[in-house]
Amino acid sequence: MKKYLNPPESGSQFYPKLVEIFNSDTFYAAKENSTAQPIKSDYTFIRIIDGKAVIILKSTEISVSAGDIVLTDSKDFSDILSDASYWVMRFNSASTPPVFEKKTVYSVAFSSDENELLSKLFDEKEWDEKLFASFCSSVFALYYLELAGKYCRSETPVTPYHREICEAIEYIKTHYDNVGVAELSKMLHISERMFRKIFSEETGSSPNAYIQKVRLGKAKELLKNPSLSVGEISDMLGYSSQFHFCIAFKKAFGLSPSAYRKTPSIIV
């Protein structure tokens, strides 16, 4: 789960020594090479470019997606399961790395400039091991601290239940026809009362109102298909009756479903 940041201690210094860097292709190849022994390191820093993945630790498993960052002890890190694109960086540090807590997911949008920088670090390792140990470690330190700064400056605070609510929203979008608060709270292992509270805090909308919004948004798409009757659309959206569907649609958009069909451009 994502958490609030703990600010770095005043006067703390961070001088990491980068010892290995892999992209998703070379990390997989290194795993397959049973004769290759990983260089010992204190920490593993994982940056997800796109797609979804599961980071396997000896103590737990962590689900991540595009833009996510995870820091963990290298001795605890086992594997990454996915077809996603990512970077894995292993480093040593005499002091505890600032800002990012271990085994915690943080999100900062991934940029093309960032990928270019990491590619250059990777190329330097292949070209000159001595240069990699000195120059590239300094670049990595700046890169790490820049990411930490971007996270700290984020205009949208990340709540402790941010990931859970994102999962609930994705589930609603694909199961809008048959989903309710009881099912969502059970799926996330949160009480219904707590789920309603944190969902409203995160989205500014109650769970039921959000489900209704998703259903009605889908209704506008379906109504553009003349082969579907209003009753069929009502059933597809999970409404108990066509009457309740029509009432909800008119309340939201000021037109009945039938009237919308005639002038869909009125409603954006």
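Values in this text are rule-based calculations from the coordinates and carry no lab data. Because the structure is a prediction, the values reported are computed rather than measured. A quick note on method: Cβ atoms are made from the backbone with ideal geometry, for glycine too, and the neighbour counts reach across all protein chains shown.
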Quote to one decimal, in nm, the extra length available between Ala252 and Leu142 on full extension: 0.36 nm per residue of separation minus the C-alpha distance between them.
34.6 nm
Whose amide H sits under 5 Å from the amide H of Ser78, counting only residues 5 or more places off or on another chain, with H placed in the peptide plane?
Ile56, Leu57, Lys58
Here the gain from full extension of Lys102 to Ser119, 0.36 nm per residue of separation minus their alpha-carbon distance, amounts to 3.7 nm
Where Rh is the Kirkwood radius over the Cα pairs of segment 199-268, the temperature 25 °C and the viscosity 0.890 mPa s, what D in µm²/s does Stokes-Einstein return?
197
Take every Cα pair under 8 Å in the chain that's 6+ residues apart, average their separations, divide by the length, and report that relative contact order as a whole percent.
18
Calculated FRET efficiency, Val54 and Asn178, Cβ-Cβ r, R0 22 Å, to nearest 0.05?
0.25
Rounded to the nearest 20 debye, dipole of segment 17-152 from Cβ charges on Lys, Arg, Asp, Glu:
460
Cα gyration tensor category, rounded, prolate or oblate, for segment 17-152 with a/c compared to 1.5:
rounded
Picking from Cys136, Cys152, Cys246, which is most flexible by a Gaussian network model of the chain using Cα springs under 10 Å?
Cys246
Zero-based 10 Å bins, Cα pair distances in segment 148-268, whole percents:
12, 37, 26, 18, 5, 0
In sequence order, calculated HN-Hα J values of segment 224-229 (Karplus, 6.51, -1.76, 1.60; Hz; x Gly/Pro):
7, 9, x, 7, 9, 7
Which ³J(HN,Hα) values in Hz, rounded to whole numbers, follow from the phi angles of segment 64-70 under the Karplus curve 6.51 cos²θ - 1.76 cosθ + 1.60, where θ = phi - 60° and Gly and Pro get x?
9, 8, 3, x, 7, 10, 9
Which FRET efficiency value, to the nearest 0.05, is calculated for Cys152 and Ser227 with the Förster distance at 45 angstrom and r the Cβ-Cβ distance?
0.30
Dividing the alpha-carbon radius of gyration of the chain by 2.2 N^0.38 Å (N being the number of residues), what value is obtained?
1.30
